[in-house]
Structure formats: C-alpha cells, structure tokens
Amino acid sequence: MTTFEIERRLRLPAPDEPTRLPALVLPLDGEAMGAVRGRIGAGRTGRTIGGLSPRLAMAVLLLVGALVGAIATGALRLDRLPNPFDPNALFGGDGITIDYPKEWTRLTPSDPFNGSGASTVLLVSSLGVDGCSTDEVGVETPPAAVPSGDVYVFPDDDQTGKIFATEDRILDCVIRRPMADGEIRVTVTQGMPQAIAIGPIGDFDPELFFDGNNPEFGFYLPTEDDGWTETIDGMPAKLVVSPTSVTPGAEEVRTWIVIAPGGNPGPWYVQLALRGPDLAELRTQADGIARSLRFDHHPPALDEATRDAGLARALDRLDRETRLWRGSDLFGCFPREPGSAQATIDDILSEGWPGGRLAEPLPVTCTTSVEATPFGLWHATFVLSWEAGDGWPAGAWGWYTGFDGDGNEGGSSGQLFSPEGFVSPGNVGDVPPPLEGPLDIPIGSIVEVVPPGIPQTDGPIQAMFQDPHPTIGDRVVLDALPGDRYGIIAGPLAHAGYDWYQVEVQHGASYPAEYLWIPSTDGVRPLVRVVEPACPDGGSTAVVDLIYLQPLERVACFGDRDLVLDPAIAVRAVDEGGWGAIEGSPEWLAPYSLWRLYGTGGPDGLDGALPFAIDPSLGDTIPTGTWLTVTGHFDDAAAATCERTVPEGWGPVGGDNELARLHCRELFVVTGVEARDAP
C-alpha cells in the first residue's frame with residue numbers, strides 16, 4: 001500500500017462514523033459536560049459520543065508527538081506564544097524579547113526585523129503620548145549612494161541633524177512631550193540613537209553611562225569597579241540613574257545597560273523615564289520591565305580545552321584577510337597560541353594613522369594573549385613591540401579580536417592603542433638632498449616613496465585640495481609612507497607648482513588596482529625615487545612569489561615569457577563587488593576576471609590568489625578544486641587591442657584604452673594545465 005493510499009484511507013470516516021458528522025449541541029440535562037449528544041434527525045435516534053475512536057486517538061497522539069518534537073528542536077518557542085492569562089504584553093524582535101503591561105500604549109510600529117535600520121526598537125508609555133505617531137513624525141529619506149571609482153559615496157550635502165529611521169524619529173518627538181502624573185515611558189534601543197553629526201538623542205549620554213569608555217567604540221570589558229554589578233539574562237548589566245532629563249516633567253531617568261551575548265552588537269539600553277507620585281512603586285515596576293529583557297541566542301559555553309584551537313582559527317582569519325585585501329603578512333609573526341616570538345617585519349597596518357611599508361626592516365617581539373569575557377567570548381590581543389632605534393623611540397602596535405567557543409568570529413575587532421603621539425619606524429630615514437634640476441621618471445618605472453613620506457596635511461596634497469585639477473580631482477595618494485612602492489603609468493602633469501604622476505596602487509592580492517596621482521617633489525626635494533622591480537630570486541615562479549608584486553612589477557620582471565606555476569589550484573570567485581559590470585574586448589581578456597590561482601596553501605591557506613584569464617585555445621574553463629601544474633604568461637599579445645567599458649560614474653578604474661591595455665598586459669594568461677598529485 002502506498003503512502004498516498006494510506007493517506008486517502010485515513011481521510012475516510014471510520015466504519016462506525018457517519019460520512020457527514022452531525023452538528024454538536026450542548027447537553028439537555030445533567031450537571032456534567034462529559035458527554036455531548038448529537039442532534040436528532042428524521043429517522044434517526046440520538047447517539048452519545050463517548051470515548052475517542054482508535055483512529056482519532058492515534059491522530060491526537062501523533063499531533064502531541066509533533067508538538068513535542070517542534071518544541072525540543074526549537075522550531076516552536078513556547079516562550080514566544082502569547083498567554084491570554086498573562087497581564088503583560090510580549091515584544092519580540094531584533095533578537096530580544098521584553099515584557100510590559102498589556103494596557104500600556106506602544107508608540108513605535110511593529111517592525112520585528114528592523115526594516116528601517118533604527119537604533120530604537122520599542123517605545124511604550126503607561127499613559128500614551130499624543131502627536132508622535134508614524135504619520136505625524138513624517139519621513140526623512142536618506143540620499144542614494146552614487147558610485148565614485150570603486151566605492152559608493154553619499155552626495156556631498158549637509159545631513160547634519162538628520163534622523164532617517166522612523167522609530168528614532170518617534171523617539172526624538174516623544175522626548176519633547178511633557179510627562180503626565182504617574183507615567184512611565186520605556187525606550188529600548190540597540191546602541192545609542194544618533195542625530196547625524198549632532199550626537200545621541202535625548203538622555204543617551206555616553207559620558208554619564210561609561211565615563212568616556214564607550215563600549216560602542218572598540219573593545220570594552222565590563223567590571224564591577226565600573227558599576228557592572230547586575231546581570232540580566234546572564235549578561236553583565238549596569239543601572240545608571242539620572243535625576244534630570246530633557247523630557248519636561250520627568251523626575252527620574254533609569255537606564256539599564258546590558259551587554260549583548262557575544263558583545264555584538266554593542267550594549268542594549270532599556271531607558272525608563274518616571275514621573276511621580278509614588279516614585280518608589282514606579283521604580284519597582286520599571287526595573288521589573290528592564291529585567292524581563294531576554295536574548296534569543298547565547299554563544300556556546302567557553303571551554304579552556306578548545307580555546308587555543310579557536311584562537312588559531314581566529315588569527316588565521318585575520319592573517320588571510322590582510323594578505324588578501326591589504327597585501328600584508330604582518331599577522332604571520334604572531335604565535336597561534338598564547339606566547340611571544342621574535343620576528344622582523346617590513347610593513348605595518350593601521351586604522352586612523354599612516355601604515356604601509358617601513359623605511360627598513362624592523363626587529364620586533366610578537367605577543368599573543370587571550371582571556372575570557374563575561375559575555376561569552378574569548379578576547380584575543382596581538383601586540384608588536386620594538387626597542388628604540390635610530391630616529392624612533394621604543395613603541396608598540398596592537399590589534400584585538402573576539403571569537404566564540406566554536407572559534408567563530410564574534411564581538412568587535414580593531415586596533416589597540418590610540419594613534420595620538422605614535423611614532424612609526426616607517427616615518428624616519430635619510431631625507432634626500434635638494435634637487436639640482438627637474439625629476440624625470442620614465443613611464444613603466446617602479447618608484448618608492450622616500451623619507452619623510454608624502455603627508456596629506458601640507459605641501460602638494462593640500463595645494464591640490466585647494467585648487468583641484470580637472471583630471472586629477474581628489475584621486476591622490478594619501479599619506480604615502482617611506483618604502484611604499486607604485487608603478488608609474490602616466491605623467492608628468494604640472495599643476496599647483498608641482499609635477500604629478502599617475503600611479504597604479506595595488507592594495508592587496510585580490511583587490512582590483514586603483515589609479516591615483518602622486519607629486520614627484522615637494523618643490524625642493526624628491527618625494528619618490530626610481531627602484532629596480534622586486535623580482536623573485538633565482539627565477540622562482542611559485543604562485544606566492546607573484547602575489548605580492550605590484551602588477552607592473554610582474555610585467556617588468558617576466559615580460560611575456562612562459563612561466564610554470566607548480567603547484568596551483570584554480571577557483572572561480574564570486575563577484576561580490578559588481579565588477580562583472582565592466583565589459584571589454586577581447587571578451588576573454590579585457591573584463592574583470594573572477595578566475596584565481598592559489599599556491600601551496602590552496603584556497604584555505606593564508607596567502608591570496610593570482611587573478612588570471614584563460615587562453616581561448618583552452619576554451620572558457622579549466623579544472624577547479626584540484627591540484628594542477630599551470631603554464632602561462634603576462635603581457636599577452638592580445639593586450640595591444642584591449643578596450644574596456646565601465647559604468648558611468650565609476651571613475652578611472654580601467655575605462656580608457658590606455659588603462660585597459662595596461663590591465664590586459666598585467667593579467668596572467670593560462671595557456672596550459674596538467675593534473676598533478678597534492679603537494
């Protein structure tokens with residue numbers, strides 16, 4: 001018997017049941033309701049429906065079993081079902097739930113998935129607030145981003161003071177309305193709601209809450225000394241009471257700050273404004289609402305036994321990303337377990353201050369540390385430290401990141417230490433003597449920035465900003481450090497008293513090159529010098545030896561001669577940046593290529609990948625995900641006819657013919673593949 005036959009038969013009435021079930025009526029007599037009599041029809045006598053039939057009993061059991069299974073697997077959350085006998089309403093959305101009395105007035109619209117992107121997720125008043133509905137606060141539409149080169153930017157209009165999200169606009173309205181006697185207002189926000197370029201809305205005061213140590217900016221570890229003496233749903237919580245408020249009539253504002261599980265997003269705020277009489281009773285009720293906050297998800301428990309494996313994964317992830325997108329292997333010096341190691345670095349990363357290549361290699365100590373946090377994450381720090389040298393004091397640079405009990409990324413990640421007063425070893429070195437004549441740089445040369453670098457705060461860069469050139473505009477190299485290398489592709493162009501050259505800037509192994517401009521002198525001394533291409537020693541042609549060269553260096557080092565890359569794995573990447581919008585001819589060479597070659601580490605290794613095109617003689621694909629020996633070359637003959645078309649507004653990303661031909665010359669062309677064993 002098939003499942004369809006079984007289902008069909010289950011749908012039929014039992015032998016002792018009528019085809020059409022009679023209507024149910026209340027019993028005519030008797031004090032109990034244990035039996036229900038069917039209505040008597042013509043030619044029939046009443047029949048008492050007593051116990052369940054076997055088939056109906058089985059259906060009930062199956063239904064109960066399905067409900068139990070759904071609850072056990074989390075498919076059905078009983079704690080999310082409204083209880084008709086519960087005096088409280090349950091708000092659920094944005095990963096939290098919170099209770100408040102049913103008779104209170106909710107002022108914000110139902111938006112459990114935060115479609116407006118507001119910081120404010122819930123506003124409730126015990127007595128209601130007039131004049132602040134969704135329709136009454138109106139809509140403020142943010143300007144659409146427009147493409148500028150390889151990024152999207154907002155139009156240069158003044159958005160100061162704007163509040164776009166609906167719930168945040170309602171909050172901005174509500175805080176201006178006077179409170180009534182005995183009223184409680186509840187505001188629940190994910191982070192501090194902000195007015196653009198103004199600051200927090202209403203009573204959200206980071207100085208009052210955190211004494212300047214705002215956990216929304218960088219890593220923050222709550223301690224009892226800082227007032228984190230409470231917990232809500234197992235997470236660190238802190239109560240801040242303010243006797244004043246911007247809301248007319250508010251006698252007290254109680255703000256409960258709760259660190260989210262995993263520390264990300266930042267803290268949640270449950271802010272309660274009170275107006276007496278009987279503040280003591282109102283406080284009790286308000287605090288009960290705040291303490292009802294519950295999080296939908298908590299990270300897995302931390303386990304010392306798996307900590308170091310998770311640390312290694314987290315550090316590998318950082319290392320891989322910086323090699324791919326910034327061309328730096330700086331994180332490679334750090335131990336994959338707590339401890340220190342000696343290393344020599346030639347570049348440094350940065351956020352908020354200049355980074356890049358150093359004037360000369362620097363001996364450093366690389367230290368890895370990790371500690372548990374009260375919000376369910378491991379917190380890892382990676383610190384470089386160095387001794388004083390010729391022209392720089394002893395110093396340190398550091399990074400931090402979080403990861404959960406399974407080794408997955410969590411919480412915040414960023415740079416340690418304030419950049420203020422920081423002196424990088426890359427900022428010093430021998431300053432070249434004054435020029436005795438013009439500085440001529442051949443097109444196709446590789447240049448290196450000389451000390452003290454090219455700061456954007458003065459000199460030629462500021463002159464260009466004050467009087468922009470129609471061709472160059474704002475597409476200039478900012479804060480180039482000594483040791484930074486670029487390929488010269490056009491120039492010179494005289495403007496603002498300086499000679500400018502167009503250079504190719506490669507930020508990382510997998511990010512498309514940018515075409516920017518740099519001044520060659522500051523009017524007295526050279527800012528760059530011509531250097532030899534950094535060709536691999538001994539003629540090595542491993543994939544990793546090609547990845548960290550500037551694109552123009554690859555052509556300068558190898559020309560169009562055949563190279564054998566062994567071992568290699570080919571992968572076709574996903575177009576996450578919309579680069580497929582670039583079109584060109586020939587179609588197999590000119591457009592942006594999604595093909596990548598990985599070396600010994602493969603796609604899961606730390607090093608990046610080499611972009612490539614496939615020679616038409618091989619078709620339009622090669623084997624992927626398997627080990628290969630690959631033959632190919634740069635500077636393919638077809639590059640001489642390359643043309644590209646880029647979307648309007650993208651800027652100079654290879655849209656004119658000269659840049660198109662340069663792109664095609666620099667792209668590695670695979671002409672042969674052969675399967676091989678894993679290395």
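The values are calculated or read from the model by the stated rules, or taken from the named source; none is laboratory data. Keep in mind it's a predicted model, so treat the numbers as computed, not measured. Note that we place each Cβ from the backbone using ideal geometry, even for glycine, and neighbour counts take in every protein chain shown. For the accessible areas, the whole protein counts, side chains as well, though only heavy atoms, and no ligand, DNA or RNA atoms are used. Shrake-Rupley method; radii C 1.70, N 1.55, O 1.52, S 1.80 Å.
Pick from Gly407, Gly414: which is assigned to a loop (DSSP other than H, G, I, E, B) and under 17 Å from Glu321 (Cα atoms)?
Working: Gly414 fails: assigned to a loop (DSSP other than H, G, I, E, B).
Exactly one of Gly407, Gly414 is assigned to a loop (DSSP other than H, G, I, E, B) and under 17 Å from Glu321 (Cα atoms), namely Gly407.
Being open to solvent by less than 40 Å² (accessible area, probe 1.4 Å) and of a type in the set (Phe, Trp, Tyr) is the filter; apply it to the stretch 322-337 and report the residue that is farthest from Asp484 (Cα to Cα).
So the residue we want is Phe334.
Restricting the first residue to the stretch 219-243 and requiring it to be open to solvent by less than 40 Å² (accessible area, probe 1.4 Å), which pairs with a second residue that is assigned to a strand (DSSP E or B) and acidic (Asp, Glu) meet a Cβ separation below 8 Å and a spacing of at least six or different chains?
These pairs meet every condition: Pro236/Glu230; Ala237/Glu230; Lys238/Glu230; Ser242/Glu252.
Is there a residue being touching an Asp or Glu at 6+ places or on another chain (Cβ under 8 Å) and either in a loop (DSSP other than H, G, I, E, B) or surrounded by fewer than 14 Cβ atoms within 10 Å (Cβ to Cβ) (or both) anywhere in the stretch 382-393?
Restricting attention to the stretch 382-393, the residues satisfying the condition of being touching an Asp or Glu at 6+ places or on another chain (Cβ under 8 Å) are none.
Among the residues of the stretch 382-393, not one is touching an Asp or Glu at 6+ places or on another chain (Cβ under 8 Å) and either in a loop (DSSP other than H, G, I, E, B) or surrounded by fewer than 14 Cβ atoms within 10 Å (Cβ to Cβ) (or both), which makes the answer no.
Test each condition in (1) touching a strand residue (DSSP E or B) at 6+ places or on another chain (Cβ under 7 Å); (2) of a type outside the set (Val, Ile, Thr); (3) at pLDDT 85 or above for Pro425 and report the one that comes out false.
(3)
Anything in the stretch 568-590 that is touching a helix residue (DSSP H, G or I) at 6+ places or on another chain (Cβ under 8 Å) and open to solvent by less than 30 Å² (accessible area, probe 1.4 Å)? List them, or say none.
Ala568, Gly584, Pro586, Leu589, Ala590
Assuming Gly523 fulfils every condition listed in (1) open to solvent by 10 Å² or more (accessible area, probe 1.4 Å); (2) modelled with pLDDT of 90 or more; (3) of a type in the set (Gly, Ala, Ser) apart from one, which condition is it?
It is condition (2) that Gly523 fails.
Looking at the stretch 661-672, is at least one residue open to solvent by 40 Å² or more (accessible area, probe 1.4 Å), within 32 Å of the chain's Cα centre (by Cα) and of a type in the set (S, T, N, Q)?
No, the stretch 661-672 contains no residue that is open to solvent by 40 Å² or more (accessible area, probe 1.4 Å), within 32 Å of the chain's Cα centre (by Cα) and of a type in the set (S, T, N, Q).
Just the residues that are open to solvent by 20 Å² or more (accessible area, probe 1.4 Å) and either at pLDDT 95 or above or in a strand (DSSP E or B) (or both), please, taken from the stretch 597-614. Steps first, answer last, please.
Filtering the stretch 597-614 for residues open to solvent by 20 Å² or more (accessible area, probe 1.4 Å) gives 598, 600-601, 603-604, 606-607, 611.
Within the stretch 597-614, Tyr598, Pro611 meet the criteria.
Can you go through Ser292, Ser340 and tell me which one is hydroxyl-bearing (Ser, Thr, Tyr), in contact with a Cys (Cβ under 7 Å, 6 or more places away or on another chain) and either touching a residue at least 12 places away in the same chain (Cβ under 8 Å) or open to solvent by less than 60 Å² (accessible area, probe 1.4 Å) (or both)?
Values: Ser292 fails: in contact with a Cys (Cβ under 7 Å, 6 or more places away or on another chain).
Criteria check complete, one pass: Ser340.
With Asp319, Asp346, Asp308 as the choices, which residue is in a helix (DSSP H, G or I), acidic (Asp, Glu) and open to solvent by 20 Å² or more (accessible area, probe 1.4 Å)?
Every option except Asp308 fails the conditions.
Any idea which of (1) in contact (Cβ under 8 Å) with a residue 12 or more places away in the chain; (2) not in a loop (DSSP other than H, G, I, E, B) is the one Asp545 doesn't satisfy?
(1)
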